[in-house]
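The values are calculated or read from the model by the stated rules, or taken from the named source; none is laboratory data. Everything numeric here is computed off the predicted structure, so don't read it as measured data. As a convention, Cβ positions derive from the backbone with ideal geometry for all residues, glycine included, and neighbour counts pool all protein chains shown.
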Amino acid sequence: MEVIKWLPLACMLLLWGCAPRPDSAGDPVGDMLAVMEGTYETEPDAAPDAELPDLLDRRVRVVAPAFGAHVVYWQLNSGPDREVYRQRLLSFAPDGESIVQTTWSFVAPEKFVDAFDSPELFADVSDADVEPTLPDGCDQVWRQTADGWYGSVNPDTCRVWSERRQQWRRIGAEAMVLPDAYLQAERGFDDDGKQLFGTEPGDMYRLTRTAGER
């Protein structure tokens, strides 16, 4: 798959720790994160193709005042040995009827491995500890649906430079948060709109919520 890969949830298991949260009445961001927070796993036999490895996806709300009232720590572990594959800080803010997700990469990700066990690590996180994962125009925009929440990145506005190909790429992504699953897909296009990688339109990978969380 192209080098630019983005995969791009009720309270996490108590042993990981959970951030305190305000009453979500009238708070659509809090309502969405209450569904998003959790632990998800791929079902290898059900994957559309071999590009998606065995994954353990963990999302937990944390208190990181420098990034607003709604922040999630996301860690993705991959393979049979569950090695750490990706770590991100996600911040969410309302924008009219939508919710905008901004994704941050850690400058020193090794300091935050399994940070579910030490949520206090995020209290002093600042701009010096992270950098934007993708450029302006690549924020994920969420809207509520009848079944859950749907988020997308618009390839018309998300244009990134591929170091591997030494070319510009347009990135489109979509995700769905459901009570029992997290679905996601990413697609890359050239500037003429030709799809270069990713799932077929309408196809999404499914990560199933760990049994017993809901």
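Things to note:
- Selected residue (criterion: modelled with the lowest pLDDT) from residues of segment 53-70 that are hydrophobic (A, V, I, L, M, F, W, C) and surrounded by fewer than 20 Cβ atoms within 10 Å (Cβ to Cβ): 56
- Against the list (1) among the hydroxyl-bearing types (Ser, Thr, Tyr); (2) buried (at least 21 other Cβ atoms within 10 Å of the Cβ); (3) not in a strand (DSSP E or B), the condition residue 182 fails is (3).
- Single unsatisfied condition, residue 192 versus (1) surrounded by fewer than 16 Cβ atoms within 10 Å (Cβ to Cβ); (2) in contact with a helix residue (DSSP H, G or I) (Cβ under 9 Å, 6 or more places away or on another chain): (2)
- Output for segment 71-92, where each listed residue is among the small types (Gly, Ala, Ser) and loosely packed, with under 15 Cβ neighbours inside 10 Å: 79
- The lone exception for residue 203 - which of (1) farther than 27 Å from residue 94 by Cα; (2) touching a Phe, Trp or Tyr at 6+ places or on another chain (Cβ under 9 Å) it fails: (2)
- Residue 102, sole failed condition from (1) out of contact with any Leu (no Cβ under 8 Å at 6 or more places or on another chain); (2) surrounded by 11 or more Cβ atoms within 10 Å (Cβ to Cβ): (1)
- Taken over segment 172-190, the criterion of being in contact with a strand residue (DSSP E or B) (Cβ under 6 Å, 6 or more places away or on another chain) and hydrophobic (A, V, I, L, M, F, W, C) is satisfied by 173, 175, 176, 177, 181, 183, 185, 189.
- Scope segment 71-111; condition at pLDDT below 95, of a type in the set (Gly, Ala, Ser) and either under 10 Å from the mean Cα position of the chain (by Cα) or within 23 Å of residue 183 (Cβ to Cβ) (or both); matching residues: 78, 79
- Remark: pairs (first residue in segment 155-173, in a strand (DSSP E or B); second residue of a type in the set (S, T, N, Q) and buried (at least 19 other Cβ atoms within 10 Å of the Cβ); Cβ separation under 9 Å; 6+ apart in sequence or on different chains) = 173/140; 173/184.
- Flag if residue 130 is surrounded by 20 or more Cβ atoms within 10 Å (Cβ to Cβ), over 19 Å from residue 182 (Cα atoms) and among the β-branched types (Val, Ile, Thr): yes
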